[in-house]
Amino acid sequence: MAKEKKFVEAVTPMSEDFAQWYTDVVKKAELIEYSNVRGCMILRPNGYAIWENIQKNLDAMFKETGVENVYMPMFIPESLLQKEKDHVEGFAPEVAWVTHGGMNKLEERLCVRPTSETLFCDFYSRIIESHRDLPKLYNQWCSVVRWEKTTRPFLRSAEFLWQEGHTAHATEEEAEERTIQMLNIYADFCEKYLAIPVIKGQKTDKEKFAGAKSTYTIEALMHDGKALQSGTSHNFGDGFARAFNIQYSDKENKLQYVHQTSWGMSTRIIGALIMVHGDDSGLVLPPRIAPVQVMIVPIAQRKPGVLEKAAELKSTLIEAGYKVKVDDSDKSPGWKFNEQEIRGIPLRVEIGPKDIEAGQAIIVRRDTREKLVVSLDELADKIGETLEKMQNDMLERAKAHLASHIYEAKTYDEFKDTVENKPGFIKMMWCGDQACELKIKEDTTATSRCIPFEQEQITDVCPVCGKPAKKMVFWGKAY
RNA sequence: CGAGGUGUGGCUCAGUUUGGUAGAGCGCCGUGUUCGGGACGCGGAGGCCGCAAGUUCGAAUCUUGUCACCUCGACCA
C-alpha cells in the first residue's frame, strides 16, 4: 500500500536536473561531506570504501606487470618544478605554494604536488646509471592538489586521490609499449570491475599532457551524454630525461637518455561510476566493486527468530565469500529498502516470519528491482549467480548506452546540429589542424575527446575546413 | 576567473518588501506500540539567522565587504 506522505526528500530525478541529481546522490549515499576548505571533500566510509576496492584491484593488476609502489614527498621545490618548460607552464596556474615553515619564510617556496613527474625524474636521475638499472616501473598512491577554479565532488576537487605510475625505459619502443599496456589495463579494469565501457585513443596535441610526447586516454560516456576522461597514459619520449639529465650507459658504454611514461587514474572514476550506473533511486554499484554486496533486511525483526535467522544467513553468505551486512536498525522495512537502494548496494535479501516458515528468502536486484524467491539452502548459490549476472547486465547496458550515443557527422552543419540536439560522442574526420579543433570548441563547446585506435574513413575531407582528412576523431562535451 | 542565483536548528524552507530580538515540517534523543516500499502516540533537546564591519535605542531584515555552495561559461584529471 502506497503512502501519500513522503517525509524524506527524494533524489532529484535525472531528467529534471542531472547536475542536481549527481549532487544529491553523492550526498545522500553518504559518499562525501564538504569540508572547510574550498574544493576539498571528506570521503566518508561509503565513498572511501569504493576507492579502497578500486585501489586494491587496480594495484594488483599493476603488480602483475612488474610495477612496484613507492612514496614520494608531497612538496616540490620551485626550481625542480621549473625544469621542464611545457610541464611548468601547464601546471603553474593551479599549484598551491608553501611559503613558510613555522614562522620563518622559506628560502625557496615549495609547491604542493599537482603531479610528481619532476620528483620522479629527479629521483631517476640519481638512481639510474646503467642499462642494467632499467626499466624502472614505479607507482605511487597519493593525493595531489590542483587549485581549480570550480570544483565538483569526485569530478574535480582541489585535492584528490589517485595513483601515478612513472616508468623509465632504455628504448622508445619499450616506453611506447608500456604506455599502451597501462592504457589497456585501465580499460580492462573499467570493463571488468566497474562495468564501464570506454573508448581508447590518443589525445590531440591540444589536449595532451603538459610535457608529454603523446597522451592516450580512455573516455567514458556518462548517462547525460557527456564524456569523462577516465584515465590517461603518457609517453614522454626523452623530453623529461633531457631536462632532468636522466642518462644510462648502454651495452656499448655510450650515454643514452631514458624514455619515460606516466599514467594515472583518480577518484574521478567514482564520478564515472555514479554517472554511468546511477538511477533516480540513487547509486547502483557493480557487484565487483561494491563495498557491501548484500544487505539483509529482516522483516518484523522483533518477532522471535527473525534476527537470529538474518544473522545466520549473514554468516553463511560471508563464509561463501560475499560482503554482507544486516540492517537491524529499528527503521521500518520501507526505510531500509530505500537506504539500500540509494547506497547502490547490489542485492537485498528480505527475510521475515513468513519466509522462515516457508524456508525461503527474497533476493532483490538493485539495478532491475527484479525479485527472486529462493529456498534458504540455495541462497548462497543464487546470490553468487545473481551478483555475476548483475555485473554482466550492467556492463551490457552501459555498452548499449554508449553504442546508441555515438553519432557520425559528414558535414560541419550536421556536426553542430548533433552537438546541439544529441548528447554523446560524435565521430567526425579531422585534418589535424589545431585551428579546426579550436573553431569547433568555439562554435559548439565540444572538444576532441580522442583519436580512437579503431579508425574509420567517414569523409575524405575535414568538414570544418575542407582540407584532406587525416584522422577520425571522437568529439563531445566533456566534464 | 566572468555572468546569474542561494546562504535562517542536522535537512527542506517560511519570516526580509514595511527593523522590535526566530517559526514549521522532517530528522535527532527518550519511551511504548509497530514492521513485506521512507509507520504512529506521548515527552524532550537543538538556531544569537554563513562570517565581519557599519547605520540604528534596537538588525535575520537596511548598507558595505567577505566566504561557501549551485547553474552557465573560460581553465583543467
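The values are calculated or read from the model by the stated rules, or taken from the named source; none is laboratory data. Nothing here was measured: the structure is a model prediction, and the numbers come from that model. Note: ideal-geometry Cβ built from the backbone for every residue, glycine included; neighbour counts use all protein chains shown. These accessible areas exclude ligands, DNA and RNA; they are computed on the full protein's heavy atoms, side chains included. Shrake-Rupley method; radii C 1.70, N 1.55, O 1.52, S 1.80 Å.
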Exercise. Any residue at all in the stretch A:198-211 that is among the acidic types (Asp, Glu) and either within 30 Å of A:TYR257 (Cα to Cα) or more than 15 Å from RNA strand B (Cβ to nearest atom) (or both)?
Worked result: yes
Exercise. Given the structure, is A:SER79 part of a helix (DSSP H, G or I) and either closer than 29 Å to A:TRP51 by Cβ or over 26 Å from the mean Cα position of the chain (by Cα) (or both)?
Worked result: yes
Problem set entry | Residue check, A:GLU357 farther than 28 Å from A:ILE50 by Cα, free of Cβ contacts under 8 Å to residues at least 24 places away in the same chain, among the acidic types (Asp, Glu) and within 10 Å of RNA strand B (Cβ to nearest atom) | yes
For this session: Please find, within the stretch A:155-192, the residue that is nearest to A:ASN235 (Cα to Cα) out of those that are among the β-branched types (Val, Ile, Thr) and out of contact with any helix residue (DSSP H, G or I) (no Cβ under 8 Å at 6 or more places or on another chain).
Result: A:THR179
Exercise. Of A:TRP51, A:TRP21, which residue is surrounded by 14 or more Cβ atoms within 10 Å (Cβ to Cβ), touching a residue at least 40 places away in the same chain (Cβ under 8 Å) and farther than 20 Å from A:GLU159 by Cβ?
Worked result: A:TRP21
For this session: Could you tell me whether A:VAL67 is over 24 Å from the mean Cα position of the chain (by Cα) and of a type in the set (A, V, I, L, M, F, W, C)?
Result: no
Seminar exercise, completed: The number of residues in the stretch A:276-298 that are touching a strand residue (DSSP E or B) at 6+ places or on another chain (Cβ under 7 Å), within 12 Å of RNA strand B (Cβ to nearest atom) and open to solvent by less than 20 Å² (accessible area, probe 1.4 Å) is 3
For this session: Among the residues of the stretch A:254-303, write down those that are within 18 Å of A:ALA187 (Cβ to Cβ) and assigned to a loop (DSSP other than H, G, I, E, B).
Result: A:PRO286, A:ARG288, A:ILE289
Exercise. Identify, please: which residue in the stretch A:315-354 is touching a helix residue (DSSP H, G or I) at 6+ places or on another chain (Cβ under 8 Å) and of a type in the set (Lys, Arg) and is, among those, farthest from RNA strand B (Cβ to nearest atom)?
Worked result: A:LYS325
For this session: Looking for whichever is touching a helix residue (DSSP H, G or I) at 6+ places or on another chain (Cβ under 7 Å) and farther than 28 Å from A:GLY334 by Cα here; the options are A:MET265, A:MET275. Which one fits?
Result: A:MET265
Exercise. Quick one: which of A:ARG146, A:ARG113, A:ARG152, A:ARG126 is surrounded by fewer than 19 Cβ atoms within 10 Å (Cβ to Cβ) and either touching a helix residue (DSSP H, G or I) at 6+ places or on another chain (Cβ under 9 Å) or within 30 Å of A:VAL25 (Cα to Cα) (or both)?
Worked result: A:ARG152
Seminar exercise, completed: With the first residue restricted to the stretch A:366-384 and required to be farther than 22 Å from A:ASP279 by Cα and of a type in the set (S, T, N, Q), and the second required to be near RNA strand B (Cβ under 10 Å from one of its atoms) and open to solvent by 30 Å² or more (accessible area, probe 1.4 Å), Cβ contacts under 7 Å at 6 or more apart or on different chains are A:SER375/A:GLN360
Problem set entry | Flag for A:ALA60 being touching a residue at least 60 places away in the same chain (Cβ under 8 Å), closer than 30 Å to A:ILE342 by Cα and not acidic (Asp, Glu) | no
Seminar exercise, completed: Within the stretch A:155-171, of all residues that are under 24 Å from A:PHE18 (Cβ atoms) and not aliphatic (A, V, I, L, M), the one most open to solvent (accessible area, probe 1.4 Å) is A:ARG156
